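These notes concern the structure reproduced below.
The values are calculated or read from the model by the stated rules, or taken from the named source; none is laboratory data. What you see is a predicted model, and the numbers here were worked out from it, not measured in a lab. Neighbour counts run over all protein chains shown; Cβ positions are idealised from the backbone, glycine included. Please note that ligands, DNA and RNA were not included when accessible areas were found on the heavy atoms of the full protein model with its side chains. Shrake-Rupley method; radii C 1.70, N 1.55, O 1.52, S 1.80 Å.
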Amino acid sequence: MSYDFIIVGAGIGGITIAEQLANILNKKVLIIEKRNHIGGNCYDYYNEDGILVHKYGPHIFHTNNRRVYNYLSLYTSWIIYNHKVLGKIENTLAPIPFNLISIDKCMPQDADKIKKALLDEYAVNDSIKILDMKKSSRREIKQLADYVYENVFLHYTEKFWNLKPEELDPSVTGRVPVNVSYDCRYFQDMYQGIPSEGYTVMFNNMISNHNINILLEKDYKDILTVDYENKRVLFYDEEFDGEIIFTGMIDEFFDYKYGHLPYRSLIFVDETIDETKFQENSTINYPNDYHFTRITEYKYLTRQVHDKTTIQFEYPIKYDPNADEGNIPYYPIPQAKNEELYEKYKAYSEEFENVTFLGRLAEYQYMNMDKVVEKALDLVDKFIDKSK
Ligand code: FAD
Ligand code: UDP
């Protein structure tokens, strides 16, 4: 069979592009995926006890982008789910992001004056990045910022990234601000939820068109050869004149020509317990204790009713492609020097006319699912325009 498009990676980015190309443009698409399943890091499955779990960490869909939400809604209905996180701070469990309730719980002696200062300096519902709040000259706000920095961010970030918060791009800790409100939701986006039958069912619905073929458990390097001299890609050693969409690691594609882009990895440890419930909330963060960062109990997310419950621990680890553990590049590391290195790859990639790089690994960007889908839809718009 001949293909118009070859997509490397069956994550949410690759699948969205394949769906659109096949259904809107009637293109023949091959997806090459090295894992034994589709869905990339969003993959979910029923474990041996029959509990639906997310293999690569809890995935909550949230967006303010109506187009993205409407698009995915063609392939799934939703469990309306507003994620909440509690953090184990000293001897209490407090809402994360830290908010007015967290102040009451963790700093009861000084809560009134701190809340008053916050409401003087900011507006209700403001979200403030911890690294900005730390710069405040007002005593009560500085006291709050120092407390939150020390008890929520510092040790979690060191554990997670092996870096201090200020060594990372401020957008990283900015994902979890301090909220001047009583809103305990982790995200404030307009649309939030979990696909009713799970992500994998949604993805299977998306790729049902017979114009889409998938090769699982195949590394693209077994099929595609990059011809660096002529800036082309060969498909089974033959010239391929269609388009390639690459969603794997951009540094791997260019054979690490400029050096390795650094990533952070995780180990997930699942445990099924013979009780209906383990903890009082879906996710509990442990910024200051243990080697793991958080425990998630999946039944809260999926609303599954079951006699047992599965919990998942997340242990951060150095990324090493050759190790038995830590060999999946889950997180690009947002730092200026890494961005500079990525820019070199990006500039070189532009010389390859029929190859497009999209997604968290290919663009070396700490993106949520909705951003990847948005970019995938925008990319297909360009192919649609070209075809007119
Ligand atoms: P991926 O899902 O990484 O897909 C890339 C695919 O390419 C993979 O399947 C990979 O196996 C394949 N591939 C790579 N190299 C090769 C090769 N050499 N040959 C063949 N195939 C290859 N986002 C949210 O919106 N909400 C959340 O709650 C959320 N939680 C997260 C929790 C964790 C622990 C992590 C790690 C991420 C989370 N995300 C969340 C982010 C989300 O996972 C990503 O935005 C999304 O998966 C990116 O999709 P993608 O298609 O770019 O990449
Ligand atoms: N973070 C933290 N303490 C927390 C939660 C988050 O220090 O309790 C910091 C940490 O650096 C983390 C970043 O904020 O990597 C982003 O957190 P988020 O929950 O968005 O991470 P993700 O869900 O993508 O793993």
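Check the stretch 235-249 and report whether any residue there is out of contact with any Phe, Trp or Tyr (no Cβ under 9 Å at 6 or more places or on another chain) and within 21 Å of G40 (Cα to Cα).
No: zero hits.
Taking the options F203, F153, F160, name whichever one is out of contact with any Ser or Thr (no Cβ under 6 Å at 6 or more places or on another chain) and either more than 30 Å from S73 (Cβ to Cβ) or not small (G, A, S) (or both).
F203
For the stretch 255-262, check the following and say yes or no: at least one residue is over 30 Å from G9 (Cα atoms), within 16 Å of ligand 1 (Cβ to nearest atom) and at pLDDT 95 or above.
No: zero hits.
Please go through the stretch 323-369 and give me each residue that is without any contact (Cβ under 8 Å) to a residue 40 or more places away in the chain, within 30 Å of L52 (Cα to Cα) and open to solvent by 60 Å² or more (accessible area, probe 1.4 Å), ordered by number.
Correct list: D324, Q365.
Quickly run through the stretch 323-348 and pick out the residues that are part of a loop (DSSP other than H, G, I, E, B) and either of a type in the set (G, A, S) or within 16 Å of ligand 2 (Cβ to nearest atom) (or both).
A323, G326, I328, P329, Y330, I333, P334, Q335
For the stretch 267-318, list the strands (runs of 3 or more DSSP E) that sit wholly inside it and hold at least 3 residues that are under 18 Å from Y45 (Cβ atoms); which are they?
Of the strands (runs of 3 or more DSSP E) lying wholly inside the stretch 267-318, those with at least 3 residues that are under 18 Å from Y45 (Cβ atoms) span 309-318.
Quick check on my filter: what residues within the stretch 70-108 are out of contact with any strand residue (DSSP E or B) (no Cβ under 8 Å at 6 or more places or on another chain) and free of Cβ contacts under 8 Å to residues at least 40 places away in the same chain?
Scanning the stretch 70-108 gives N70, S73, L74, N91, T92, D104, P108.
Hey, can you tell me all the residues within the stretch 234-249 that are surrounded by 13 or more Cβ atoms within 10 Å (Cβ to Cβ) and touching a residue at least 12 places away in the same chain (Cβ under 8 Å)?
Hits for the stretch 234-249 are F235, F240, G242, E243, I244, I245, F246, T247, G248, M249.
As an exercise: evaluate P287 against (1) of a type outside the set (A, V, I, L, M, F, W, C); (2) within 13 Å of ligand 2 (Cβ to nearest atom); (3) touching a His at 6+ places or on another chain (Cβ under 7 Å); (4) within 30 Å of E48 (Cβ to Cβ) and give the number of the one condition it does not meet.
Just one mismatch for P287, condition (4).
Select from the stretch 155-191 the residues that are among the charged types (D, E, K, R), touching a residue at least 40 places away in the same chain (Cβ under 8 Å) and more than 25 Å from V68 (Cα to Cα) and list them in ascending order.
K159, E167, D169
If Q312 satisfies all but one of (1) over 17 Å from D49 (Cα atoms); (2) within 16 Å of ligand 2 (Cβ to nearest atom); (3) of a type outside the set (S, T, Y), what's the number of the condition it fails?
The one condition Q312 does not meet is (1).
Taking the stretch 201-233, which residues are hydrophobic (A, V, I, L, M, F, W, C) and open to solvent by 60 Å² or more (accessible area, probe 1.4 Å)?
L216
Tell me the residue from K218, K159, K135 that is more than 25 Å from the chain's Cα centre (by Cα) and either assigned to a helix (DSSP H, G or I) or more than 10 Å from ligand 2 (Cβ to nearest atom) (or both), please.
On inspection, the qualifying residue turns out to be K135.
Going by the structure shown, is R264 more than 22 Å from the chain's Cα centre (by Cα) and touching a residue at least 24 places away in the same chain (Cβ under 8 Å)?
Criteria not met by R264.
Which one of the conditions (1) part of a helix (DSSP H, G or I); (2) over 16 Å from the mean Cα position of the chain (by Cα); (3) farther than 26 Å from T225 by Cβ does V372 fail to meet, given that it meets all the rest?
Of the numbered conditions (1) part of a helix (DSSP H, G or I); (2) over 16 Å from the mean Cα position of the chain (by Cα); (3) farther than 26 Å from T225 by Cβ, the odd one out for V372 is (2).
Which of the residues that make up the stretch 160-185 are over 22 Å from A111 (Cβ atoms) and within 14 Å of ligand 1 (Cβ to nearest atom)?
F160, W161, V172, R175
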